[in-house]
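Trainee: Take this structure first; my questions come after.
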Amino acid sequence: MSSFQEIINSNQPTLVDFHATWCGPCKVMDKEVYTDPVLADYMNANFVSVRMDGETDYGRGYAAEQKLEGYPSMFIFSRDG
């Protein structure tokens, strides 16, 4: 995943993977989807990827702000947000 400075400096869209440690489907995504080399190459070439833990104070606030209805959830933001 990327650092904040990489996000600021990048012209690529940002993909935010919103997850929770207890989420079964999140674990499947980690084990079976994100490990696919073709997908990883595509994501790395086209996005700045960030993971957000929905169990942190910030994560819970962000989930409420975005009206998140479940995990996992992915958000894609343009350079303009």
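The values are calculated or read from the model by the stated rules, or taken from the named source; none is laboratory data. As the structure is a prediction and not an experimental result, all values here were calculated from the model. Heads up, the Cβs are rebuilt from the backbone with ideal geometry, glycines too, and the neighbour counts pull from every protein chain shown. Each accessible area value is taken on the protein alone, full model and side chains, heavy atoms only, with ligands, DNA and RNA left out. Shrake-Rupley method; radii C 1.70, N 1.55, O 1.52, S 1.80 Å.
Trainee: Give all pairs with beta carbons closer than 7 Å in which a residue from region 27-49 that is in contact (Cβ under 8 Å) with a residue 24 or more places away in the chain meets a residue that is open to solvent by less than 50 Å² (accessible area, probe 1.4 Å) and among the charged types (D, E, K, R); count only pairs at least 6 apart in sequence or on separate chains.
Mentor: From region 27-49, the pairs are Ser49/Asp17.
Trainee: Considering only residues of region 50-75 that are among the small types (Gly, Ala, Ser) and touching a residue at least 12 places away in the same chain (Cβ under 8 Å), which is surrounded by the most Cβ atoms within 10 Å (Cβ to Cβ)?
Mentor: This residue is Gly54.
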